[in-house]
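The structure appears right after this line, and notes come after that.
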Amino acid sequence: MLDALGRAIVTGEFSRKVFPTENDLAHSYGVSRSVTREATKMLSAKGLLTARPRQGTSIQPETSWNLFDPDVLRWLLERAFSLELLAHFTQLRVAIEPMAAELAARNASKEGLALIEAAYHRMEAAERGEEDGLLADIAFHVAILEASNNPFYAQFRDVVGTALKKSIVFTNRFAGRQASLPAHKAVMDAIKAGDTANAHAAMSMIVREVMQLIDLAKRDEA
């Protein structure tokens, strides 16, 4: 019930409806009121719902949602495609990933470098049709977050993974592009060389290119 109700809220199923009462929810999902109460409590903890005495339960505005929660991120992926949502994700990536690459160039352990290299080799395999390109690209970017040796950056893995899933579908559809191997190799080589400035610049170029495509798509829609 938690998954189904959370997905319904995030994808906008209740956007033009009054949120159901506890009794109605229990009946709709075929569960007891205690199960319904526990599910709504968990969704409230994620910032999706709020319960007030004598007013019942209602959906919180998106500004109150815990957008870093893995479940909320997963449900966001099921929303209808939105350039605005993709832009928000990409703006966050612009702020996070170049600095993570710079930190990886400064701090990466041998194990961290090995994970980055392994992910890049997976991207090469994807070019040959031997690997899933999306999963390989996500693995590369997540490996860099983790190689930063900063636990706060590492915890952006779910956000970056979700952003990439949205981003790659968009760039493939809009521009007919896949992830650029030379651009990703430039990031990897700079990190391996301990070149903080070029690691930052190379990663910035990858993410900002997506932002440029979004701006172009917005102009086409106008």
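The values are calculated or read from the model by the stated rules, or taken from the named source; none is laboratory data. Treat the numbers as computed from the prediction; the structure is a model and nothing was measured. Note: ideal-geometry Cβ built from the backbone for every residue, glycine included; neighbour counts use all protein chains shown. Ligands, DNA and RNA are excluded from the accessible area calculation, which covers all protein heavy atoms including side chains. Shrake-Rupley method; radii C 1.70, N 1.55, O 1.52, S 1.80 Å.
Worth pointing out:
- Across Ala108, Ala26, Ala87, mean-square fluctuation computed from a Gaussian network of the chain (C-alpha pairs under 10 Å connected) peaks at Ala26.
- If you look at the Cα atoms of the chain, you get an Rg and a Dmax of 20.4, 63 Å.
- Solvent exposure ordering (accessible area, 1.4 Å, most first) of Asp24, Asp71: Asp24, Asp71
- Of the residues Ser204, Asn66, Met123, the one whose Cα sits farthest toward the positive end of the charge dipole of the chain, with +1 on the Cβ of Lys and Arg and -1 on the Cβ of Asp and Glu, is Asn66.
- Pairwise Cα distances in segment 8-122 exceed 25 Å for 44 percent of all pairs.
- Helix content alone sets the calculated 222 nm mean residue ellipticity of the chain: runs of n ≥ 4 DSSP H residues at -39500 (n - 2.57) each, divided across all residues, give -22500 deg cm²/dmol.
- Reach of Lys185 by Cα under 26 Å, taken over lysines that are not fewer than 8 positions away in the same chain: Lys110, Lys165, Lys166
- Residue among Ala190, Phe81, Phe174 farthest towards the positive dipole end of the chain, charges placed on Cβ: Phe81
- Kirkwood-based Rg to Rh ratio, segment 78-176, C-alpha trace: 0.99
- Net charge over other residues, Cβ less than 13 angstrom from the Cβ of Glu97 (K, R count +1; D, E count -1): -1
- Accessible surface ranking that places the most exposed of Ile138, Ile59 first, with a 1.4 angstrom probe: Ile59, Ile138
- Selection from Leu2, Asn23, Tyr153 lying farthest towards where the dipole of the chain points positive, charges on Cβ: Asn23
- Among Tyr153, Tyr120, the sequence by solvent-accessible area, most first, with a 1.4 Å probe is Tyr153, Tyr120.
- Ranked by the mean number of other Cβ atoms within 10 Å of their residues, highest first, the peptides 125-133, 198-206 fall in the order 198-206, 125-133.
- Between the alpha-carbon centres of segment 36-71 and segment 76-135 there is a gap of 30 Å.
- Residue-normalised accessible area of the chain, given per residue in Å² at a 1.4 Å probe: 54
- Within-15-Å neighbourhood charge of Thr196 [Cβ basis; K, R +1; D, E -1]: -2
- The magnitude of the dipole of segment 84-198, with charges of +1 and -1 set on the Cβ of Lys/Arg and Asp/Glu and taken from the Cα centre, is near 200 debye.
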